[in-house]
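Quick notes on the structure that follows.
The values are calculated or read from the model by the stated rules, or taken from the named source; none is laboratory data. Keep in mind that this is a model prediction, so the values were computed, not measured. Here the Cβ positions follow ideal geometry from the backbone for every residue, glycine too, while neighbour counts run over all protein chains shown.
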């Protein structure tokens with residue numbers, strides 16, 4: 001049997017003097033000393049293989065233990081960094097101890113809900129396309145039947161750059177691209193971040209997530225739209241409810257509707273969530289305007305379709321009983337732990 005005494009002495013010496021990277025390279029790499037000894041087992045006499053293998057495995061276990069300890073120490077160092085958001089400085093005498101979060105991180109509740117939306121719509125046969133963060137006037141307004149000077153543009157007043165680009169106020173900016181990208185039937189859902197030029201309060205934010213849906217095919221009707229939206233909402237909220245639509249105005253749809261559901265929390269009896277009306281207005285929707293189809297080179301006499309758009313933040317608040325929209329972006333560690 002080969003003499004391992006010299007190798008054993010060298011391993012114990014190197015465990016004290018070499019760092020993890022050097023140990024791994026010297027002993028466990030492709031040309032490492034232990035790697036070569038493992039390959040040499042086939043040349044050891046049969047009656048000595050068991051003893052030889054145990055000694056080699058013991059040396060490898062010592063090296064592995066050193067490498068694992070090194071990884072743990074690195075994680076602890078990373079988790080012990082100073083937290084500038086802590087309610088006390090490093091010189092303050094306190095019994096409080098920092099909460100060490102999962103080193104792998106976690107998904108924000110808004111992203112959890114967007115992923116859930118995508119799962120439901122994908123199961124219903126829709127494609128998923130993410131919205132752009134910066135766009136132009138044509139896709140924001142003109143392709144959606146907002147001609148220049150149209151007063152409805154004021155409803156979507158948002159943030160502009162000096163060179164004429166705009167932060168989208170709705171995920172509808174992607175409609176023209178989607179409709180031009182393929183031939184009907186077209187079934188696409190567009191989640192994304194949008195921006196509004198408005199004051200913030202418990203129910204409104206200047207930045208929010210929206211989810212747009214577009215469906216175009218032959219003989220598509222309002223009944224198809226209602227059934228599709230209802231199917232999604234019942235799957236998401238895991239509840240059955242009544243629905244109603246009421247007239248609204250959007251330049252890019254005709255007819256235009258506001259979609260409301262009976263409050264799933266009080267069964268139409270009235271509660272704080274629904275404003276004691278028994279109904280919750282969730283989204284705007286409607287049949288895609290012929291001018292929008294024409295701008296995408298789709299014949300409105302041959303094809304029809306519907307579109308909808310809802311605020312991800314609002315649905316997230318309803319489902320998770322979150323009282324104020326500003327919690328979603330406040331960066332509160334307490335809120336993030338709870339949700």
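Brief remarks on what is shown
- So residue 322, is it in the same structural domain as residue 191 (by TED's automatic domain parsing), assigned to a helix (DSSP H, G or I) and under 27 Å from the mean Cα position of the chain (by Cα): no
- Filter result for the condition that a residue is modelled with pLDDT under 85, out of contact with any helix residue (DSSP H, G or I) (no Cβ under 6 Å at 6 or more places or on another chain) and closer than 23 Å to residue 205 by Cα, over 107, 79: 107
- Residues that are over 18 Å from residue 252 (Cα atoms), assigned to a strand (DSSP E or B), touching a residue at least 12 places away in the same chain (Cβ under 8 Å) and touching a strand residue (DSSP E or B) at 6+ places or on another chain (Cβ under 8 Å) do not occur anywhere in the range 290-310.
- Among the candidates 270, 278, residue that is more than 15 Å from residue 175 (Cβ to Cβ), surrounded by fewer than 21 Cβ atoms within 10 Å (Cβ to Cβ) and touching a strand residue (DSSP E or B) at 6+ places or on another chain (Cβ under 7 Å): 278
- Taken over the range 145-162, the residue count meeting the criterion of being modelled with pLDDT of 80 or more, exposed (fewer than 15 other Cβ atoms within 10 Å of the Cβ) and at positive phi is 0.
- Number of the exception - residue 171 against (1) at pLDDT 80 or above; (2) out of contact with any strand residue (DSSP E or B) (no Cβ under 6 Å at 6 or more places or on another chain); (3) surrounded by 15 or more Cβ atoms within 10 Å (Cβ to Cβ): (2)
- For the range 163-174, the set of residues classified as at negative phi and either assigned to a loop (DSSP other than H, G, I, E, B) or under 21 Å from the mean Cα position of the chain (by Cα) (or both) consists of 163, 165, 167, 168, 169, 170, 171, 172, 173, 174, listed by residue number.
- Test: residue in the range 4-14 that is assigned to a loop (DSSP other than H, G, I, E, B), more than 43 Å from the chain's Cα centre (by Cα), surrounded by 10 or more Cβ atoms within 10 Å (Cβ to Cβ) and at pLDDT below 80: yes
- Restricting attention to the range 229-260, the residues that are free of Cβ contacts under 8 Å to residues at least 12 places away in the same chain and closer than 23 Å to residue 114 by Cβ total 2.
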